[in-house]
Amino acid sequence: MMYSIVRNGESRSFPKDDVFLAGTNDGADVVIYLGAPHEEDSSKAAILIELGTECLGVHTSEDSGREGSNVLGFARYRNGTDAPSKLIELVRQPNTPRSTIDAATKVFEYAGFEVAVCTDQAGRIIDRLVRPKYNKALNFLDEGLATAADMDLTCRLGLGYPDGPIERVTRGGLAGHYDVTQALFETFGMPAYAPARRAVVAKQRNRL
């Protein structure tokens, strides 16, 4: 499947040497924007905008639940500064045509990615699921419930996880965790998304 890439800035989904960047073809029917702004073109099968934590509606506007066009959002899941995963979260709106979703899905699947289609919610699927767990583990650490090593070992041996919550969120970057959780907290106002103390400290240290 052919696609064009328009680079308007650095990409979290596709770092500089990512092989996906080399597959761009001018004039393709699916256009991928890495960095804002994007250009409207109703003749294209799909226009894809790389998202951070923000909603697709920030880029397309909204219309009382009637929004939807050939413009989609996407985010390739990445744990902070870790290498990006093979999962693409594809963001649709209420009236996004099925043909647009199919065209975008085929491009990513042809390139070897797994695609999960989701509605237009800040943080999408994974961050909304895992960030409260990281916050809880960091809070447990502050409360002295267990050491970081013991919590991580418990999750690896008891739950079969490849790594534990403390080592994962620390490896990805606590300041980055602050950025994501603060954005989710501002959007949803749920205490589970409020940045944990250690993430706040890491963010403040980065500013010094």
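Quick note: the coordinates plus some simple rules give every number you see, no bench work behind them. These figures come from a predicted structure and were not determined experimentally. With ideal geometry, Cβ positions are generated from the backbone for all residues, glycine too; neighbour counts draw on all protein chains shown.
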Q.
Over the chain, what is the relative contact order in percent, taking alpha-carbon pairs closer than 8 angstrom and at least six residues apart?
A. 16
Q: In whole angstrom, note down how far apart the Cα centers of the range 194-208 and the range 13-27 are.
A: 33
Q | Angle between the chain longest axis and helix 98-110 axis [Cα atoms, degrees, rounded to 10] | A | 70
Q: Compute the Rg to Rh ratio over the range 13-80 from the alpha carbon atoms, using the Kirkwood formula for Rh, and round to two decimal places.
A: 0.98
Q | Calculated Rg and Dmax of the range 65-208 using C-alpha coordinates, Å | A | 17.4, 52
Q) If the chain between GLU40 and ALA116 were fully stretched, how many nm would it gain, using 0.36 nm times the residue separation less the Cα-Cα distance? A) 25.0 nm
Q.
Could you tell me which residue out of LEU208, GLY35, THR154 lies farthest along the dipole of the chain toward its positive end? Charges go on the beta carbon: Lys and Arg +1, Asp and Glu -1, centred on the Cα centre.
A. THR154
Q. GNM, the chain, Cα, under 10 Å: largest mean-square fluctuation among VAL19, VAL107, VAL30?
A. VAL19
**Q.** Proximal lysine pairs, the range 1-139, alpha carbons under 24 Å, eight or more residues apart or interchain
**A.** 5
Q: Of the DSSP beta bridges with both residues in the chain, give the percent that are antiparallel, rounding to the nearest 5.
A: 20
Q: Starting from the Cα of LYS86, step 7 Å along the direction of its Cβ; do the same at SER69; then give the gap between the two resulting points in nm.
A: 3.4
(Q) Kirkwood Rh and Cα-based Rg: tell me the resulting Rg over Rh for the range 1-152, rounded to two decimals. (A) 1.05
**Q.** Highest-fluctuation residue, LEU157, LEU138, LEU174 considered, GNM on the chain with Cα pairs under 10 Å
**A.** LEU157
Q: Report, for the range 4-118, the % of DSSP beta bridges that are antiparallel, rounded to 5.
A: 20
